[in-house]
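Participant: The structure follows.
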Amino acid sequence: MDFGLENRLSRIFNPRSGRTVMLAVDHGYFQGPTTGLRDMKNIIPLIPQADCLFVTRGTMRNSIDPRTNTAFCLRVSGGPSILGELSNEDIITSMEEAIRLNASGVGMSIFVGAKNEDRTISNLGRLVNEAQRYGMPVLAITAVGREMGRDTRYIGLACRIAAEIGAQFVKTYYCDDFHKVVEGCPVPIVIAGGKKLPEMEALQMTENAIRAGARGVDMGRNIFQSDSPAGMIKAVRAIVHKGATAAEAFDMYQKGRKQAAEAADARMEKV
Ligand code: 5RP
């Protein structure tokens, strides 16, 4: 057994459920001040509800209390901004930095079917080689190029490649017949949320993904851009860890939203 690797993975995947709710807040690394993340203070109340954050080193250094108990997985790829060629990423954060920050994992994107496909896949190989020396789990993110379809053929191809190159877990997008993607990928898969959806749709997608065999989410915009981020992350947790249905989780989200509105009203009355 590789103790360090297993120990770090157990900080990401809850040992009781075997699943994870990762909160993705790394968007600024290529998008700049993304809606919902303009002020990173907004995510502080959500952190205790996440099993793991997916973050850049800049966010860890500047915005997160070092006494936090929540694990984090560090995005280590980057380079282009939203204005450039997105697939032109390299590894920009060292393993030494990940260890120094006490990361429980490192993550990078691969761009299957895009311009720099080959370089991003060999970068993943190099990252896995280095991470292996320190027992550091690697998350491969299958970024979907603008021209790529989101179907089992394409997503399945990208996830399988990521696992074959050695990633310990994979983040990808949900698609119809997702169980086929899971079947073809020998390591755990977590789903990204993608663009903001109405809350019920995002919760239904989460339920569908979990039922199809996903081991959790690494969700960003559908949580931090919700009108009740706290209600939404609790609702996602209920599906991922407790097997709640989307309808049950939606009730929780609505309660969270109501409580937040009442608390805001109470604050206004005091002023
Ligand atoms: C950006 C990422 C994000 O972490 C990922 O897309 C998850 O966030 P969202 O749920 O907002 O899609 O990897 O490249």
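What follows is calculated from the coordinates using simple rules that are stated; it is not laboratory data. For clarity, every value in this text was computed on a predicted model and none was experimentally measured. Reconstructed Cβ throughout: ideal geometry from the backbone, glycine too, with neighbour counts over all protein chains shown.
Participant: Angle check, please: helix 229-242 long axis (alpha carbons) against the longest principal axis of the chain (alpha carbons), in degrees 0 to 90, nearest 10.
Facilitator: Taking the Cα atoms of the chain, the angle to 229-242 is about 60 degrees.
Participant: Once every DSSP H run of n ≥ 4 in the chain is given -39500 (n - 2.57) and the sum is divided by its residues, what mean residue ellipticity at 222 nm do you get, rounded to the nearest 500 deg cm²/dmol?
Facilitator: Helix contribution divided over all residues of the chain: -13500 deg cm²/dmol.
Participant: Given the peptides 4-11, 206-213, arrange them by the average over their residues of other C-beta atoms within 10 Å, most packed first.
Facilitator: Answer by packing, highest mean first, reads 206-213, 4-11.
Participant: If you don't mind, there's one more thing I want to ask. In debye, nearest 20, what is the charge dipole magnitude of segment 3-226 about its Cα centre with +1 on Lys and Arg Cβ and -1 on Asp and Glu Cβ, if you could check?
Facilitator: 400
Participant: Quick one: what Rg and Dmax do you get for segment 3-226 from the alpha carbons, in Å?
Facilitator: 16.0, 43
Participant: No solvent, one uniform scatterer per C-alpha: report log10 I(q)/I(0) for segment 1-101 via the Debye equation at q = 0.20, 0.21, 0.23, 0.25 1/Å, two decimals.
Facilitator: -1.12, -1.20, -1.32, -1.42
Participant: Here's another thing I want to ask about it. Is there a pair in Lys41/Lys242; Lys196/Lys258; Lys41/Lys115; Lys115/Lys171; Lys115/Lys196; Lys180/Lys255 whose C-alpha atoms are over 25 Å apart, and which pairs would that be?
Facilitator: Lys41/Lys242; Lys41/Lys115; Lys115/Lys196; Lys180/Lys255, as the Cα separations exceed 25 Å there.
Participant: How big is the shadow of the Cα convex hull of segment 185-234, averaged over all directions, in nm²?
Facilitator: Reported value for the Cα convex hull: 3.4 nm².
Participant: Counting Lys and Arg as +1 and Asp and Glu as -1, what is the net charge of the other residues whose Cβ lies under 10 Å from the Cβ of Phe169?
Facilitator: Net charge in that neighbourhood comes out at +1.
Participant: If you fit an axis through the alpha-carbon atoms of helix 3-12 and take the longest principal axis of the Cα set of the chain, what angle between them do you get, 0 to 90°, nearest 10?
Facilitator: 40
Participant: If you take every DSSP beta bridge fully contained in the chain, what fraction is antiparallel? Give it as a percent rounded to 5.
Facilitator: Among the beta bridges of the chain, antiparallel pairing accounts for roughly 5 percent.
Participant: Tally Lys and Arg at +1 and Asp and Glu at -1 over the other residues with C-beta under 12 Å from the C-beta of Ser104: what net charge comes out?
Facilitator: 0
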